[in-house]
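Colleague: Below you'll find the structure I mean.
The values are calculated or read from the model by the stated rules, or taken from the named source; none is laboratory data. Please read these numbers as outputs of a predicted model, since none were measured by experiment. Here the Cβ positions follow ideal geometry from the backbone for every residue, glycine too, while neighbour counts run over all protein chains shown. Areas reflect the complete protein model, heavy atoms only, side chains present, ligands, DNA and RNA absent. Shrake-Rupley method; radii C 1.70, N 1.55, O 1.52, S 1.80 Å.
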Amino acid sequence: MAKKSTIRSSELSDDDLFCLTQNGDTEAFNALFRRYERKVYLYCMRVLLDEDLAHDAFQEAFMRLYEHRRSYDGRNFMVWFFTIVRNVCLNMRRNKKVTVPFETSIANEAPAKITDVVLNEHIVVALNQLPIDHREALVLYEYDGYSYQEIADITGVSIATVKIRIFRARKLLRTLLYPVVYDNGV
Amino acid sequence: MEFEQLLRKYFDGAMTEAELERFQSLLENVPEYRTELRQSLEIRSLLHDDALNLKPPTDLAEHVRIAVGSSFEADAIVDQAEQTRRRPIGAPLRISAGMLAAACLLVSVALSPTLPPLASTAVRSGAAGASVVETAPAVASSSRPAIAKAAVRDAMRRAVARQMALQADTEPTGGAAEYMALLAHEGPSRSPRSSAAGSSGSTNIARLALPDMLTSPRASGSGSSILTRDPAELLNRSMGTTTAYKLTYDSTLALRADADIAQVETGAQSRGISPDRTLTIGVTLGAGQVAENASPTALLQNSYYFSFSVTGNDRIGVEMGASAFQQERATTGGSTSGGMAKGGQGMAKGTLGMPTEQSVKSSPTISTPSGTIAPVRTEEQQRLEQQITYGAVFYDRRIKLSKSWDLCGRLAVGAADDALLGNVRAYAAYTFPSKGVTLTMGIGGSTLYSLTSKATANSSGNYGIYYGVETGF
């Protein structure tokens, strides 16, 4: 019963894909999911800095995408969806829900090198010391690759504020991270 | 500070040629700046490497993709079926409700009774001092203020003239004679409407004539005892007005009489139900509670209405509005749908803004082994936020408590989306002294009976506090 879009999904915008998704086109949803799964995951992982919470937030964000489908006004899907993702992460961070560990997440990954694990821990510790709004802006810019304007739309602040937050976050991160990563020869 | 700004622009790729030259010269001359740039670039590279290493687990991503994708697909199918089911019932019901409201309004207007006449009276003093009450020609009711105004003015003018005639010892002369001649010429059978039309001219003549008569020797002589019978006061008393209207006979009588007439007119009008409006428009806001929900659930309602006064105390009208409320519902579903059962049921038009808050009883975390995805049955309690729009025809009964306060009751029947609606409301109404605006506040309850819902309970109810404002003419 699944509808199939006759147009190649790569040619369609996010807005078009979501409209097709709302009409039951599973191919359109799959294309949209592939576009966003990595960005959402990176955001959840590096804003929440907790793997279990991030996995929950990842699921919850896509569930909310479905639940909030009626409130989508047909414009700028990216900003609308990332606003949902952001709210989910901020709520989870506030509530710090106790969750069942996602046992398969690490088991299925290729074994990481010791240096990668240590480096990952250093990054997590350093990011954890940034103010949440600075961290959020930095993650959206450096990890997800969004522009200042897009970050301003998602977070609801001005472009100037976004620029300042990212610059300060970089500076603080350099101060925190550089001595432990490079001076210790990780 | 300059270097920081340039460094920021460098990372943004927004440097001009001049800024780039300046940046290079700073780097060449200051070793600390070179170190800062190198470290910043290395940290940035570190973050990008970190981003490349982070990937969502395959089974998690697949599970979410299939679950949410199938929910969208299922939702589209349900939506299609819902639309097909609703179409043949919803439209005729709405049309029927509208026609019923219009028919009730038309019938009520056609059958509205003739409004009672205003019994304006004047006091004629007999020669022996006995008072004879003379009823003025039947004129319009309080709902016709212009005609009533003319009747009052006419009666008062006659009373004053008769007083003057008596005072003149049955031999009117000068101004009084002229004034009596004018009254005789106008005649008692003059219709109220023509009186109203010519009232301003008559008043002008009276203003000219009265002082002439009052300043004559006979008027100010011994016969002036008759003038102690204040015609304005007697008139006011006979009309039931409570305000003290003192009319003294002096040189400014005409001006005072005019002012008093205006007061008498105001008093006559105020005897009706306040506010005395034929057509009323109003808006109501409500807040309350959905009756069948165990836990407190908010209800918000707004409505707009216009009504027509059948009599002074009864009104009928039509009301339309919208209600937003929450409804609890228990459902059973698989974990693949993740508590995403379709929102809306029967009478619901759709979800409002940000959708519902759900309390999912099962663990929100997916715990299936990689590979096959086994749906897990879960029992869920959903709280659906819904909105209905409705139209209704109502009957409104007023009981006057005081000059400004009324106690009102309203009974309304109508239809909402695929549902029948009944509404009862009791409220107090306060009318401002200017009579332009009335504030209302009261309590009420509604019940909805769904015609299409397949749920076990087809009806739902709510109650709350309502407050509003109305005006009219």
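Colleague: Once you average over the residues of B:36-42, how many Cβ atoms of partner chains fall within 10 Å of each Cβ? Don't skip to the answer; put the middle values down first.
Modeller: Details: counts 2, 0, 2, 7, 6, 1, 5.
So the per-residue partner count for this stretch is 3.
Colleague: At 7 Å along Cα-to-Cβ for each site, give me the label-to-label distance between A:GLU51 and B:SER25 in nm.
Modeller: Rounded to a tenth, the inter-label distance reads 5.3 nm.
Colleague: Evaluate the distance, in nm, between pseudo-label points positioned 7 Å from the Cα of B:LEU407 and of B:ALA324 along their respective Cα→Cβ axes.
Modeller: 3.5
Colleague: Other chains near A:117-128: what is the mean number of their Cβ atoms within 10 Å of each residue's Cβ?
Modeller: What the average comes to for A:117-128 is 2.
Colleague: Determine the gain in length on full extension of the stretch A:GLN149-A:LYS96; use 0.36 nm per residue of separation and subtract their C-alpha separation, reporting nm with one decimal. Working shown, then result.
Modeller: Numbers: separation 53, 0.36 × 53 = 19.08 nm, distance 3.02 nm.
Full extension of this stretch gives 16.1 nm more.
Colleague: Enter the buried accessible area of the B/A pair, total of both sides, probe 1.4 Å, in Å² rounded to the nearest 100. All intermediate terms of the calculation are to be shown ahead of the outcome.
Modeller: On the way: alone 26390 and 11210 Å², together 32280 Å².
Buried surface at the B/A interface: approximately 5300 Å².
Colleague: Thinking of segment A:12-100 as a set of Cα atoms, what percent of all their pairs are more than 23 Å apart?
Modeller: Of all Cα-Cα pairs in segment A:12-100, 22 percent lie more than 23 Å apart.
Colleague: Could you work out the mean count of beta carbons from other protein chains within 10 Å of each residue's beta carbon in A:61-73?
Modeller: Partner-chain Cβ atoms within 10 Å, mean over residues of A:61-73: 6.
Colleague: Let me ask something else. Full-extension gain between B:ASP314 and B:LEU279, please, as 0.36 nm times their residue separation minus the C-alpha to C-alpha distance.
Modeller: 11.4 nm
Colleague: Counting only heavy atoms of the protein chains, get the accessible area per residue of segment A:12-100 (1.4 Å probe) and round it to a whole Å² value.
Modeller: It amounts to 36 Å² per residue over segment A:12-100.
Colleague: Turning to a different aspect of this structure: For segment A:12-100, give the percent of accessible area contributed by carbon and sulfur heavy atoms, probe 1.4 Å, rounded to a whole number.
Modeller: Result for segment A:12-100: 44 percent of the exposed heavy-atom area is carbon or sulfur.
Colleague: For the residue pair B:LYS400 and B:TYR304, what label-to-label distance in nm results when each label sits 7 Å from Cα along the Cα-to-beta-carbon direction?
Modeller: Once both label points are built, they end up 3.1 nm from each other.
Colleague: A further question follows. Pairs of Cα atoms under 8 Å, at least six residues apart: use those to get the relative contact order of segment A:12-100, whole percent. Please list the in-between numbers first.
Modeller: Details: 62 pairs, mean separation 29.0, N = 89.
Reported as a whole number, the value is 33 percent.
Colleague: Given a Förster distance of 41 Å, report the FRET efficiency between B:ALA287 and B:ALA18 from their Cβ-Cβ distance, rounded to the nearest 0.05. Each step should come with its number before you reach the end.
Modeller: Values: r = 63 Å, r/R0 = 1.53.
For B:ALA287 and B:ALA18, the calculated efficiency is 0.05.
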